[in-house]
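Novice: Right, I'll just put the structure down here and ask away after.
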Amino acid sequence: MSSIERTLSDQYSKSGYAELAKLSVTVDENGRVVTLRGRVSSYYLKQRAQEVAKLVVEAHLIRNLIDVAHF
């Protein structure tokens, strides 16, 4: 696990939103693309996950592949 993946996972765990703690974070082999995957119950949480990622990985491209599904 890269330091970015570890940091984002920690931030999601501390966010107060249990759904974010379950997300998968991967960084490509070049270290330039951060991909967010998983499922959340609202578009707000999808956007929140992206905003947290932007704060952690300022100079990276973020691919938000999180699905929104009502549980």
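All of the numbers you see were taken from the coordinates with simple rules; none came from a lab. Fair warning: this is a prediction, and the values are worked out from it, not measured in the lab. Reconstructed Cβ throughout: ideal geometry from the backbone, glycine too, with neighbour counts over all protein chains shown.
Novice: How big is the range 3-68 along each principal axis, measuring the range of its Cα positions in Å and listing the largest first?
Specialist: The principal-axis extents, from largest down, are 31, 21, 16 Å.
Novice: Put +1 on the Cβ of every Lys and Arg and -1 on every Asp and Glu Cβ in the chain; which of TYR43, SER9, ASN30 then has its Cα farthest towards the positive end of the dipole?
Specialist: TYR43
Novice: Can you list residues from other chains, or at least 5 along the same chain, whose modelled amide H is less than 5 Å from the amide H of ARG39?
Specialist: ASP67
Novice: Also, I was wondering about something else. Per residue of the range 45-51, what does 6.51 cos²θ - 1.76 cosθ + 1.60 with θ = phi - 60° give for ³J(HN,Hα)? Whole Hz please, x for Gly and Pro, Karplus curve as stated.
Specialist: Calculated HN-Hα couplings, in order: 5, 4, 5, 4, 4, 5, 5 Hz.
Novice: Sketch the reach of a paramagnetic label on GLU58 as a point 7 Å from Cα along Cα-to-Cβ, and name the residues of the range 15-46 whose backbone nitrogen lies under 19 Å away.
Specialist: Once the point is set 7 Å along Cα→Cβ of GLU58, 31-34 turn out to lie under 19 Å by backbone N, inside the range 15-46.
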